[in-house]
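Read the structure below first, then the notes.
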Amino acid sequence: QVQLVESGGGLVQAGGSLRLSCAASGRTFSRYAMAWFRQAPRKEREFVAAISWSGDRTYSADSVKGRFTISRDNAKNTVYLQMNSLKPEDTALYYCAASRYEASATARQYDYWGQGTQVTVSS
């Protein structure tokens, strides 16, 4: 069992930056691939970025490439999402997720989810 708690969301102006954190419970964090997804009001949940269990492979959605960076610190049981050059269309509830399988953009491959942290970007 893995419990995930996101933090770091907030209100920021367009062009600004935020760093999201996701703290995981349990001693097996390093065995899980991790990802960030987001969901805006009246929209489907969408993939943002994923990272392999070792951290040597990362993937990101085209919409955030070059602006968002996913990373992890297995010693701290934490995964991060550094978000730069934020745009109003990045406004959403951001979720952290853990998978026993390979890092993926497919939500159904993730076994555990956090409650989410709200990111709001004003224009």
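Give the relative contact order (percent, whole number) for the chain; include only Cα pairs under 8 Å separated by 6+ residues. Could the numbers behind the result be given before it?
On the way: 317 pairs, mean separation 43.9, N = 123.
Rounded, it is 36 percent for the chain.
Name the residues whose placed amide hydrogens come within less than 5 Å of the amide hydrogen of Leu86, ignoring near sequence neighbours (fewer than 5 apart) on the same chain.
Gly15, Gly16
Over the chain, one equal point on each Cα, no solvent: what is log10 I(q)/I(0) by the Debye formula at q = 0.15, 0.21 Å⁻¹?
-0.59, -1.16
Leaving out ligands, DNA and RNA, what percent of the accessible area of the chain is carbon and sulfur, probe 1.4 Å?
Working: 2980 of 6680 Å².
That fraction is 45 percent.
Note down the magnitude of the dipole of the stretch 1-108 about its Cα centre, charges +1 on Lys and Arg C-beta and -1 on Asp and Glu C-beta and zero elsewhere, to the nearest 20 debye.
Numbers: 15 positive and 9 negative charges, 34 e Å.
Once rounded to the nearest 20, the dipole reads 160 debye.
In a shell of Cβ-Cβ distance under 14 Å around Glu102, excluding Glu102 itself, what net charge do Lys and Arg (+1) and Asp and Glu (-1) give? Before the final figure, lay out the partial values.
Numbers: positive: Arg31, Arg57, Arg100, Arg108; negative: Asp56, Asp111.
It works out to a net charge of +2.
Excluding ligands, DNA and RNA, what is the solvent-accessible area per residue of the stretch 50-104 at a probe of 1.4 Å, expressed in Å²? Could the numbers behind the result be given before it?
Numbers: 2670 Å² over 55 residues.
It amounts to 49 Å² per residue over the stretch 50-104.
The values are calculated or read from the model by the stated rules, or taken from the named source; none is laboratory data. Just so you know, these numbers come straight off a predicted model, no measurement behind them. Here the Cβ is made from the backbone with ideal geometry for all residues, glycine too, and neighbour counts use every protein chain on show. Heavy atoms of the whole protein, side chains included, go into the accessibility calculation; ligands, DNA and RNA do not. Shrake-Rupley method; radii C 1.70, N 1.55, O 1.52, S 1.80 Å.
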